[in-house]
Amino acid sequence: MTSVDFSEGLRERRRYRFLTRIWKSRPSLVIGLCIFWLVFVVFTALFAQAIAPFGYAEQSLLERLNPPAFMGGSSKYWLGSDNLGRDVLSRVLYAMRTSILIAVMATIIGATVGTVLGIVAAHFRGWVDDVIMVMVDFQASMPFLIVALAVLAFFGNNFVLLVILIGLFGWDGYARIARGLVLSTNGQGYAHAIRTLGVHPAKVYWRHVVPNMMGVILVQVTLNFPEIILLETSLSFLGLGVQPPATSLGLLLGEGRNYLATAWWIGVPAGVVIFLTTLSVSLLGDWIRDKLDPNLQDKSE
């Protein structure tokens with residue numbers, strides 16, 4: 001190992017220790033910044049049309065590849081313009097709306113399908129449980145990105161198909177969690193006592209079982225949400241996700257990859273938004289898990 005490699009490794013370890021100290025000493029500050037960023041992303045996604053200075057498809061070839069304002073470019077384009085003269089800031093704002101909308105809808109689909117199948121497997125047991133768990137194992141062993149690419153390439157690109165396909169990513173994790181929680185709850189005395197009184201099983205699950213498992217499902221949502229954003233980004237980056245003239249964060253990355261050396265501002269802002277959003281959701285999910293897990297709370301105390 002050379003002295004340069006050693007010094008770079010030492011700086012990296014010091015940087016990691018610095019970030020670790022911040023997380024351990026000021027977790028509320030980190031979580032506050034994460035929540036602030038996520039609120040900003042949601043607000044931007046909801047009001048992108050009112051905030052954006054230009055339309056996401058509005059072109060001006062005379063202003064193409066204009067650098068950002070802080071690099072001496074025109075003040076009209078704070079983050080510069082792309083190869084067709086479109087405002088990068090406006091396109092990023094609209095792309096945030098599209099990507100967040102897809103991620104939220106897909107997360108709801110995956111969580112609903114997985115939770116329902118997990119409850120069904122735990123309730124009926126027997127061959128129903130076996131079939132569902134085989135499906136779970138098949139889903140977990142399947143290279144989902146390759147399958148998604150094949151499906152979109154065969155059936156053609158469609159927004160509804162894209163959302164449903166992404167929504168099926170990760171449902172197996174919800175199914176495993178829901179099945180385990182239902183089996184654990186059914187073994188407790190109060191569930192058996194409620195059934196003895198003649199209460200319908202659907203009412204037992206809705207009134208007693210599901211509310212007790214929502215905390216764990218919420219943690220799984222926060223862990224699965226960044227993966228869904230990255231999956232949508234990957235599909236759009238490869239040209240099989242959101243199609244022009246619409247825009248998404250992955251599509252912006254794909255458009256900017258050919259201009260990294262000459263006009264980096266086309267794709268880098270979208271990459272920064274993806275990084276900060278996934279990091280914020282992941283840190284927030286870890287924090288929620290620590291708060292809901294009594295074992296981790298005992299260790300921290």
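The values are calculated or read from the model by the stated rules, or taken from the named source; none is laboratory data. Please read these numbers as outputs of a predicted model, since none were measured by experiment. Cβ sites come from the backbone with ideal geometry, for glycine too, and all protein chains shown count toward neighbours.
Could we say that Leu89 is farther than 26 Å from Pro244 by Cβ, within 22 Å of the chain's Cα centre (by Cα) and modelled with pLDDT of 85 or more here?
So Leu89 does not fit the description; no.
Which count do you get for residues in region 31-86 that are more than 24 Å from Ala261 (Cβ to Cβ), surrounded by 13 or more Cβ atoms within 10 Å (Cβ to Cβ) and of a type outside the set (A, V, I, L, M, F, W, C)?
Within region 31-86, residues that are more than 24 Å from Ala261 (Cβ to Cβ), surrounded by 13 or more Cβ atoms within 10 Å (Cβ to Cβ) and of a type outside the set (A, V, I, L, M, F, W, C) number 5.
If you take the residues in region 214-242 that are of a type in the set (Gly, Ala, Ser) and outside any loop (DSSP other than H, G, I, E, B), which one is modelled with the lowest pLDDT?
Gly215
Being assigned to a helix (DSSP H, G or I), of a type in the set (Ser, Thr, Tyr) and modelled with pLDDT of 85 or more is true for just one of Thr20, Thr44. Which residue is that?
Thr44
Assuming Pro245 fulfils every condition listed in (1) crowded, with 18+ Cβ neighbours inside 10 Å; (2) part of a loop (DSSP other than H, G, I, E, B) apart from one, which condition is it?
For Pro245, the exception is condition (1).
Considering each of Leu252, Leu235 in turn, give the residue that is touching a Lys or Arg at 6+ places or on another chain (Cβ under 7 Å) and surrounded by 21 or more Cβ atoms within 10 Å (Cβ to Cβ).
Answer to the selection: Leu252.
Within region 55-82, take every residue that is of a type in the set (A, V, I, L, M) and within 33 Å of the chain's Cα centre (by Cα) and give me the one that is farthest from Thr247 (Cα to Cα).
Going through the qualifying residues, I end up with Met71.
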